[in-house]
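In what follows, a single structure is set out as structure tokens and then discussed.
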Amino acid sequence: MIHLLLPFALAAVLAGSGVYGVLARRNAVLMLVGVELILASASLILVTMSTTLPDDAAAGQILTIFVITLAAAEVTLALGIILAAFRLRGHIDLTERLDDDAAHAPVDDRTDGRVTS
């Protein structure tokens, strides 16, 4: 049987890498990879604990499959949003202010409500 320190150490490394990826990166796709690393570390802890505790229902492994399913749905939705933002803005840099795009928007300078560019 494997010692419990090894999976927990690996989960800590995965979580640390994920947190670094979320905090240090400006690219939305790389931030999404960081979030997925954090979810993988949580899943590793769930599987490790479910194998060590006497549980006939295997709740940790079932919950891990549920987490993987939710992560797949999250990636699909997030990549769709990122792709739409890339098509709209031309980049996916999340640190740029959203007000910069509003400065280049068409201005309503007439009193009748029509928009001109």
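Criterion first (under 16 Å from the mean Cα position of the chain (by Cα) and either of a type outside the set (Gly, Ala, Ser) or more than 30 Å from Ala28 (Cβ to Cβ) (or both)) does Val75 satisfy it? So Val75 fits the description; yes. Exactly one residue out of Val67, Val33, Val75 is under 17 Å from Leu14 (Cβ atoms) and modelled with pLDDT under 90, and it is Val67.
Inside segment 58-68, can you point out the residues that are closer than 21 Å to Leu4 by Cβ and either free of Cβ contacts under 8 Å to residues at least 24 places away in the same chain or outside any helix (DSSP H, G or I) (or both)?
Ala58, Ala59, Gly60, Gln61, Ile62, Leu63, Thr64, listed by residue number.
Determine if segment 14-25 includes at least one residue that is of a type outside the set (Val, Ile, Thr), surrounded by 15 or more Cβ atoms within 10 Å (Cβ to Cβ) and more than 25 Å from Ala78 (Cβ to Cβ). Within segment 14-25, none of the residues are of a type outside the set (Val, Ile, Thr), surrounded by 15 or more Cβ atoms within 10 Å (Cβ to Cβ) and more than 25 Å from Ala78 (Cβ to Cβ).
The values are calculated or read from the model by the stated rules, or taken from the named source; none is laboratory data. Nothing here was measured: the structure is a model prediction, and the numbers come from that model. Positions of Cβ are backbone-derived with ideal geometry, glycine not excepted, and every protein chain shown enters the neighbour counts.
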